[in-house]
């Protein structure tokens, strides 16, 4: 089954997670929502669509959310999985439910929080200062939840037969 991993990533962590999923999934294509590949993207050719998003200040990208809403009817005809990347482990599920359009959220066979990364060298001064104050971190951090990724890829294998 042809799988699309469509993610929206600002600093590369949602992309990294998408690539890890793609490596463990047969016939998977990974596309960044912010890339030129979006111009020619035809969702109808995919059987499974995995939606990945980074959370910043409790929100996903406004344009990405609008894209999901405008393509809701197509997405609801597909098998859908959703992952987010978020620094706040305690609120990840709340953010996921609040930010993914309700019908898409309810339709998804998998929903998960795959961890977070802080890449200070990729942030501008204002964002870097804010994140340092919020997180009490001043060094790069990466926390990938490989067990959740494995859970997703195992579920994907169920659809391959």
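Some notes on this structure:
- For beta carbons closer than 9 Å, sequence separation of 6+ or different chains, a first residue in the stretch 28-40 that is more than 21 Å from residue 153 (Cβ to Cβ) and a second that is part of a helix (DSSP H, G or I) and at pLDDT below 85, there are no qualifying pairs.
- Being touching a residue at least 24 places away in the same chain (Cβ under 8 Å), touching a helix residue (DSSP H, G or I) at 6+ places or on another chain (Cβ under 8 Å) and surrounded by fewer than 21 Cβ atoms within 10 Å (Cβ to Cβ) is a description that does not apply to residue 63.
- Single residue of 77, 111 found to be assigned to a loop (DSSP other than H, G, I, E, B), modelled with pLDDT of 95 or more and closer than 20 Å to residue 28 by Cβ: 77
- Complete set of residues in the stretch 10-39 that are under 15 Å from residue 115 (Cα atoms) and either modelled with pLDDT of 95 or more or in a helix (DSSP H, G or I) (or both): 13, 14, 15, 16, 17, 18, 19, 20, 21
- Meets criteria (more than 12 Å from the chain's Cα centre (by Cα), surrounded by fewer than 19 Cβ atoms within 10 Å (Cβ to Cβ) and within 21 Å of residue 149 (Cβ to Cβ)) for residue 37: no
- Inclusion of residue 6 among residues that are at pLDDT 95 or above and assigned to a strand (DSSP E or B) is warranted.
The values are calculated or read from the model by the stated rules, or taken from the named source; none is laboratory data. Keep in mind it's a predicted model, so treat the numbers as computed, not measured. As a convention, Cβ positions derive from the backbone with ideal geometry for all residues, glycine included, and neighbour counts pool all protein chains shown.
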